[in-house]
1. Near the amide H of residue 64, under 5 Å away, which other amide H atoms are found, from residues 5 or more places off or on another chain, if H is placed in the peptide plane?
2. So for 64, 130, 118, fewest C-beta neighbours within 10 Å to most, what's the order?
3. Sequence-distant or interchain residues sharing an amide H contact under 5 Å with residue 39, placed H: which?
4. Counting only helical runs of four or more DSSP H residues, what would the 222 nm mean residue ellipticity of the chain come to if each run contributes -39,500 (n - 2.57) and the total is spread over all its residues?
5. Go through the range 120-134 residue by residue and turn each phi into a ³J(HN,Hα) via Karplus (6.51, -1.76, 1.60, θ = phi - 60°); whole Hz please, and just put x for glycine and proline.
6. Roughly how tilted is helix 99-108, in degrees to the nearest 10 and between 0 and 90, from the longest Cα axis of the chain?
7. What are the ³J(HN,Hα) couplings of the range 76-90, residue after residue, when phi is run through the Karplus curve with 6.51, -1.76, 1.60 and θ = phi - 60°? Round to Hz, x for glycine and proline.
8. Enumerate the amide H contacts of residue 7 below 5 Å, restricted to partners 5 or more residues apart or on another chain; note that Pro and chain-start residues carry no placed amide H.
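No lab work stands behind these numbers, since they all come straight from the coordinates. On a predicted model such as this, the values are computed, not experimentally measured, just so you know. Cβ placement follows ideal geometry from the backbone for every residue including glycine, while neighbour counts extend to all protein chains displayed.
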Amino acid sequence: MAASVPIRVLVTKIGLDGHDRGAKVLATMLRDAGMEVVYLGVFQTPEHIVEAAIQEDVDVVGVSCLSGEHLALVPRVAALMKAHDLRDVVLVVGGVIPAEDIALLKEAGVHEVFPAGSRVAGVVEFIRRSVTPR
């Protein structure tokens, strides 16, 4: 019986958001849940995020945004993922996301939004449920 391949998750901060404690905690918790995590760090552009997702062959792109730039930058990530045929890659967003923006992000191609205060167990469960095993 072949060993299962761990889920690969890219975790990053987008735009001018330099507050990365939550993203680092999430990255550690995902790793502790048995996932492989690629952490890109702060101040990333949509283009760099998608290029890294391609190079790292990830199953999930997790974008953290606390700066209020989510409606300007995250739809660009979704559009670039679509343009690069990353339709099987799950896009999740977390951070300071007002409730009224969640539907807009989902319409743009985000699979799930985890506002500040979301439980890590919920993020792990969603990823496991959403990723097709390799």
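1. Excluding prolines and chain starts, which carry no amide H, the hits are 12, 13, 14, 94.
2. Going from least to most buried by this count: 130, 118, 64.
3. 11
4. Details: 5 runs with 58 residues, N = 134.
After summing the helix terms and dividing by the residues of the chain, the value is -13500 deg cm²/dmol.
5. So the J values, rounded to whole Hz, are 4, 4, x, 5, 4, 4, 4, 4, 4, 6, 9, 8, 7, x, 7.
6. 60 degrees
7. Those phi angles translate into 5, 4, 4, 5, 5, 4, 5, 4, 9, 6, 9, 5, 8, 8, 7 Hz.
8. The list, which skips near neighbours in sequence, is 36.
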